[in-house]
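The values are calculated or read from the model by the stated rules, or taken from the named source; none is laboratory data. These numbers were taken from a predicted model, which means no experiment stands behind them. Cβ atoms come from the backbone with ideal geometry, glycine included; neighbour counts cover every protein chain shown.
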Amino acid sequence: MKCNVDARFHPDELVAATGVVIRGEHGQMIGGKSKWYASVPNALMAEALAC
């Protein structure tokens, strides 16, 4: 399996969004999730939340 994560940070509003996708050995999607966060201080924290 392979797990991909990513984050997006909006500095003007101090909010972030993260997403994760899990794929199987043949590339088929097994699952995924996205989430919004309020009061995120910076992009580094957004990336940490994604992980």
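Of the residues making up the range 22-50, those that are in contact (Cβ under 8 Å) with a residue 24 or more places away in the chain and in contact with a strand residue (DSSP E or B) (Cβ under 6 Å, 6 or more places away or on another chain) are Ile30, Ala38, Val40, Ala43, Ala46, Glu47, Leu49, Ala50.
Considering the conditions (1) in a strand (DSSP E or B); (2) at positive phi, Gly27 is excluded by exactly one of them, (1). Within the option set Cys51, Cys3, being modelled with pLDDT of 95 or more and not small (Gly, Ala, Ser) holds for one residue only, Cys3.
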